[in-house]
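Have a look at the structure below, then the notes.
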Amino acid sequence: MESALIAQILPFLLAYVLLLMVGGIMKVCRIAQTRLLFMAGLRMTLQLILAGFVLTWLFAHPHPLLTAAYLALMTCFTIRTVLGRHPQLNRRFARCVACCLACCGLLSTVFFVTCIARQNALDPQYAIPLGGMLMGNAMTGLSLALKSFETALQGQQARIRTLVNLGVRPQRILFPLVRTALETALLPTLNSMLGMGIVFLPGMMTGQILAGADPATAILYQGSIMMAICATVCLTVLSALLWGYRSLWDTDMCIRLPGDARQPERHV
């Protein structure tokens, strides 16, 4: 059995040759991220191996509480990743981001599993992989949106302060930045949807076909999950920014920009 397992794994190890090729190109081009590349590859491998063991055991011993615990752990890791990339967020904004990411991601997962896949909401075979896709895309979209929003705040400080001095309400000043951030977050998903089926076959569909599923079934699931991803990203980003950006001004309608000495104390 060990020799059969090694024979099964060995071809997949050849994929790491591609990673070495990327590392070589980065070295030649003097891109100072070679160490990060190999650390990311190592960390990804270890995490996937660990997830493989856990999911194999979990699928063999399904229990709603274990599935809920896995989803909770996934949610906490997602929130920690997003907030770790944006440490300059004030506490209230960070709470808004965490709450919206958890609520929108989990509600979308429950909706997809129960209403579209028509399975039990805590069935690990459906809830964990589908929840992972929705949470992962929401995490990426929210990170892009926050980066866009923060960059705009930093680059337009003089304009924002001028508008505040002229008596323009904070909502009117900051909402265009929210709109731009939402557009930035949705763009990768929309581009994927435009090229899907012609330019490339996405991961979920490819995996189902390789596993022997009927291509028609794979197409239905892939189309549904892409629409769910788009909705999840949109709802997560919009709710997090619309709720969170209210923490940037105080009761005197004074906007506190990144780098200001004091963040506003205002309940949201």
task = Return yes or no: is Gly167 out of contact with any His (no Cβ under 8 Å at 6 or more places or on another chain), crowded, with 21+ Cβ neighbours inside 10 Å and not β-branched (Val, Ile, Thr)?
result = no
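Determine which member of the set Leu122, Leu130 is under 17 Å from Leu235 (Cβ atoms) and out of contact with any Asp or Glu (no Cβ under 8 Å at 6 or more places or on another chain).
Testing whether each residue is under 17 Å from Leu235 (Cβ atoms) and out of contact with any Asp or Glu (no Cβ under 8 Å at 6 or more places or on another chain) leaves just Leu130.
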remark   = The residue from Leu122, Leu66, Leu71 that alone is in contact with a helix residue (DSSP H, G or I) (Cβ under 8 Å, 6 or more places away or on another chain), in a helix (DSSP H, G or I) and over 28 Å from Ala185 (Cα atoms) is Leu66
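Out of curiosity, is Cys96 under 28 Å from Ala218 (Cβ atoms), assigned by TED's automatic domain parsing to the domain that holds Gln222 and in contact (Cβ under 8 Å) with a residue 24 or more places away in the chain?
For Cys96, the condition - under 28 Å from Ala218 (Cβ atoms), assigned by TED's automatic domain parsing to the domain that holds Gln222 and in contact (Cβ under 8 Å) with a residue 24 or more places away in the chain - is not met.
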query = If only one of Ile219, Ile198 is out of contact with any Lys or Arg (no Cβ under 6 Å at 6 or more places or on another chain), closer than 30 Å to Cys115 by Cβ, modelled with pLDDT under 80 and not in a helix (DSSP H, G or I), which one is it?
reply = Ile198
remark   = Only one of Val54, Val82 is closer than 17 Å to Asp123 by Cβ, modelled with pLDDT of 85 or more and not small (Gly, Ala, Ser), namely Val54
query = Under 8 Å by Cβ, and 6 or more places apart or on different chains, what pairs join a residue from region 127-151 that is buried (at least 24 other Cβ atoms within 10 Å of the Cβ) with one that is basic (Lys, Arg)?
reply = Leu146/Arg85
inquiry  = Would you confirm, using the coordinates I've provided, whether Leu101 is surrounded by 13 or more Cβ atoms within 10 Å (Cβ to Cβ) and within 18 Å of Leu130 (Cα to Cα)?
reply    = yes
ask   = Before we move on, is Ala51 more than 16 Å from the chain's Cα centre (by Cα), surrounded by fewer than 17 Cβ atoms within 10 Å (Cβ to Cβ), among the hydrophobic types (A, V, I, L, M, F, W, C) and not assigned by TED's automatic domain parsing to the domain that holds Asn191?
value = yes
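Matching residues to (1) exposed (fewer than 15 other Cβ atoms within 10 Å of the Cβ); (2) over 28 Å from Ile225 (Cα atoms); (3) touching a residue at least 12 places away in the same chain (Cβ under 8 Å):
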residue	(1), (2), (3)
Tyr16	yes, yes, yes
Leu36	yes, yes, no
His63	yes, no, no
Thr78	no, no, yes
ask   = Which one is surrounded by the most Cβ atoms within 10 Å (Cβ to Cβ), of the residues in region 216-250 that are among the polar types (S, T, N, Q) and over 30 Å from Asn165 (Cβ atoms)?
value = Thr236
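The values are calculated or read from the model by the stated rules, or taken from the named source; none is laboratory data. These figures come from a predicted structure and were not determined experimentally. Because the Cβ atoms are built from the backbone with ideal geometry, glycine has one as well, and the counts that use them run over all protein chains shown.
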